[in-house]
Amino acid sequence: EMESWSFLDTVESNFRPLVVIELAKGTKEETIKWFTERIVDKKANGGEYRMIFCAQLLVKPLVTENGVENIYLVGASHLRLLLGAETVGLVKECSDNSMRAFTYSSRKTFKHFADDNHNFLTMAECQYIIKHELENLRAKNENMIPGYPQAKLYPGKSIVRRLLTSGILVQIFPLHDREELKKLSHSWYGRVKVGYQPLDDIRCYFGETIALYFGFLEYFTFALIPMAVIGIPYYMFAWEDYDKYVMFATFNLLWSTVILEVWKRICAILTYRWGTLLMKRQFEEPRPGFHGVLGINPVTGREEPVYSSIKRQLRIYLVSLPFVCLCLYFSLYVMMIYFDLEQWALDYHKENESNFSSLMLYVPSIIYAVVIEIMNRIYRYAAEFLTSWENHRLESSYQNHLILKVLVFNFLNCFASLFYIAFVLFDMKLLRQSLATLLITSQILNQFAESLLPYWLQKRYNRKMKKRMCSKKSDMDLSLAEQVNMEKEMGTYLGTFDDYLELFLQFGYVSLFSCVYPLAAVFAVLNNITEIYSDALKMCRVYKRPFAEPTANIGVWQLAFETMSVISVVTNCILIGMSPEVDALFPDSKMDLVLTVALVEHLLLAIKFIMAFVIPDKPRDIQTKLAKLEFESLEALKQQVRAFQMQLHFLLIHH
């Protein structure tokens, strides 16, 4: 392999900036010097064939008209990126159409690979590799950041993390590729058409996590159409006749199972094609926020921070759990205040029968809807703080704990009042009214806060920037410096969390009380169609480009949606059981009614679970491919062992 390192001198000439690092104004010279040296010469000590060369990543200061600003561009040589691809375990397609984990030594067997083909890795993959390298810069023997004695370091601490918390490092973000972005946005939302989104292009540009979200959003929208279509005639005709709703509710419950199971299959097809289905996650590096005493990872033997899981469990069960329970209690308390206000508004209206008093009837609902949104936001911050304090080693377990905390609270916050109206007050008319108010208010608030507002602010800012540059150039002609300056001011995309949450709550409104308000699915479909456009717009125009995150499925969300569909079986059965028509069927004993409802509910749940079991999670051909890969890696291992035994035998004979 030696000869392939010799081109390192020619690297500078074709430097391609991939990632931008912005340092705080007035950062000390020695700090900058130390940090850039650490980036460039990261693994000079140790590593397999990394000993040979020190050029790791390439760093260049961004030069503008007014001299050098505190902005640095990071790139990497083609070779460095290929080695990085092996480290992070990227999976690429081979020449024989199978998918395999990329290794530098077997690089020639991969499709479209050539030493001079710099497009073998997509730009998003290159940026992911660089981010991975930067996050794994860990302190060796420094006990503080040079120039900032108060910013303490200890062996194993993530340097980037420490620089961020001490405010020396403002942000790290990947650059947009203007050409590609223009093509993508045109094919994605640029023209009004009925058709599928270009998921593969989205994946190449934004990475798998975001592509999967858009895939799910699109799939979910199509899947809700049958519910919406059946819901409309129900809304028009069978208003008060509950036994007709039995059919509708049953269809909804079974349909929701089918769509969630089929999604798993689609997800497997997509992620197999993208290579993330095969990515090994057990060698996942610790997340940058993880801290502990430096030790040895028992699985990989690599040096990394270690933190006792007992301490973590104690933190979760003795602090986080009680805190969440307290918040839930508070949320219920607020709900009771809302019902008191409702009562007060009703009484006020009875006394004063005026236009003003009839308007007052709507005030409590609207106030409550707004308060719910505010409480969700505040709780979200608390949950993030607690989850990072729990100190999870892996990004995935951090995400899972966070999602769980937020979901439980949001579920209670959004649906508690509906459950109370349905099962304590038994007021179907109020339930229908509240459901419609909550659903529509939350959709309008979300569309506004998520897309319209940021887009308008961004437009205003861009106009200012253009004036300042005194040039009416199009986006394409921006120089690198102008592009970086424009992008660094854009908002940061915080991940798919809020988008999934919105879909989850929407799914709740549609399925939990589907027999009460059949139009919910219609509103959901309409909302999702605009959501696809506004989310696409916000990804391409409003936010900085996010780093690609490889993922093989939608994670905890799959479980969340499945749980929601199980809960909805129970609520719908009880709602139908409580209706006067069904009551009339059991005039003598209420016990029979309860038993019948329970029986029907168990039957439906049984059918759901049987369906979930019968529909396989992965299509047959993908199962075969995965099994074949496993077999091949076993064979390869056997061959290695045989070769080793031969050598040993040979040595023994010689001795």
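The values are calculated or read from the model by the stated rules, or taken from the named source; none is laboratory data. Just so you know, these numbers come straight off a predicted model, no measurement behind them. Cβ sites come from the backbone with ideal geometry, for glycine too, and all protein chains shown count toward neighbours. To get the accessible areas, we keep the full protein, side chains included, count just its heavy atoms, and leave off ligands, DNA and RNA. Shrake-Rupley method; radii C 1.70, N 1.55, O 1.52, S 1.80 Å.
Quick one: in the range 207-240, of everything that is assigned to a helix (DSSP H, G or I) and of a type in the set (Asp, Glu), which residue is nearest to residue 545 (Cα to Cα)?
208
For the range 149-160, how many residues meet the condition of being farther than 17 Å from residue 303 by Cβ and surrounded by 18 or more Cβ atoms within 10 Å (Cβ to Cβ)?
Within the range 149-160, residues that are farther than 17 Å from residue 303 by Cβ and surrounded by 18 or more Cβ atoms within 10 Å (Cβ to Cβ) number 1.
Can you name every one of the strands (runs of 3 or more DSSP E) wholly within the range 65-122 that holds 1 or more residues which are touching a strand residue (DSSP E or B) at 6+ places or on another chain (Cβ under 9 Å) and at pLDDT below 85?
Those strands (runs of 3 or more DSSP E) span 67-76.
Scan the range 552-597 for residues that are at pLDDT 90 or above, open to solvent by 30 Å² or more (accessible area, probe 1.4 Å) and not β-branched (Val, Ile, Thr) and report the count.
Within the range 552-597, residues that are at pLDDT 90 or above, open to solvent by 30 Å² or more (accessible area, probe 1.4 Å) and not β-branched (Val, Ile, Thr) number 3.
Suppose we filter 544, 590 for residues that are without any contact (Cβ under 8 Å) to a residue 12 or more places away in the chain and among the charged types (D, E, K, R); which single one remains?
590
Looking at the range 23-42, which of its residues are open to solvent by 30 Å² or more (accessible area, probe 1.4 Å) and not in a helix (DSSP H, G or I)?
25, 26, 28, 41
Give me a count of the residues in the range 389-400 that are modelled with pLDDT under 90 and open to solvent by 30 Å² or more (accessible area, probe 1.4 Å).
Residues that pass the stated criteria total 7.
Scan the range 415-432 residue by residue and report those that are open to solvent by 40 Å² or more (accessible area, probe 1.4 Å) and free of Cβ contacts under 8 Å to residues at least 12 places away in the same chain.
Of everything in the range 415-432, those that are open to solvent by 40 Å² or more (accessible area, probe 1.4 Å) and free of Cβ contacts under 8 Å to residues at least 12 places away in the same chain turn out to be 424, 425, 427, 429.
From 110, 173, which residue is farther than 30 Å from residue 293 by Cα and open to solvent by less than 10 Å² (accessible area, probe 1.4 Å)?
110
Can you say whether residue 301 is surrounded by 12 or more Cβ atoms within 10 Å (Cβ to Cβ) and not assigned by the TED database to the domain that holds residue 141, as far as the supplied structure shows?
Answer is no for this residue.
Looking at residue 332 and the list (1) buried (at least 16 other Cβ atoms within 10 Å of the Cβ); (2) in a helix (DSSP H, G or I), which single condition is not satisfied?
Checking residue 332 against (1) buried (at least 16 other Cβ atoms within 10 Å of the Cβ); (2) in a helix (DSSP H, G or I), the one that fails is (1).
Of all the residues that make up the range 155-192, how many are within 23 Å of residue 494 (Cα to Cα), in a helix (DSSP H, G or I) and without any contact (Cβ under 8 Å) to a residue 40 or more places away in the chain?
Qualifying residue count for the region: 3.
Which condition does residue 126 not pass, out of (1) buried (at least 22 other Cβ atoms within 10 Å of the Cβ); (2) over 13 Å from residue 35 (Cα atoms); (3) over 32 Å from the mean Cα position of the chain (by Cα), if it passes all the others?
Tallying (1) buried (at least 22 other Cβ atoms within 10 Å of the Cβ); (2) over 13 Å from residue 35 (Cα atoms); (3) over 32 Å from the mean Cα position of the chain (by Cα), residue 126 fails exactly one: (3).
Could you grab the pairs with beta carbons closer than 9 Å, sequence gap of 6+ or different chains, first residue in the range 266-280 and touching a residue at least 40 places away in the same chain (Cβ under 8 Å), second one crowded, with 18+ Cβ neighbours inside 10 Å and of a type in the set (Asp, Glu)?
270/208; 271/208; 274/208; 275/208; 276/208
Could you say whether any residue in the range 356-365 is touching a Ser or Thr at 6+ places or on another chain (Cβ under 9 Å), in contact (Cβ under 8 Å) with a residue 12 or more places away in the chain and of a type in the set (Val, Ile, Thr)?
no
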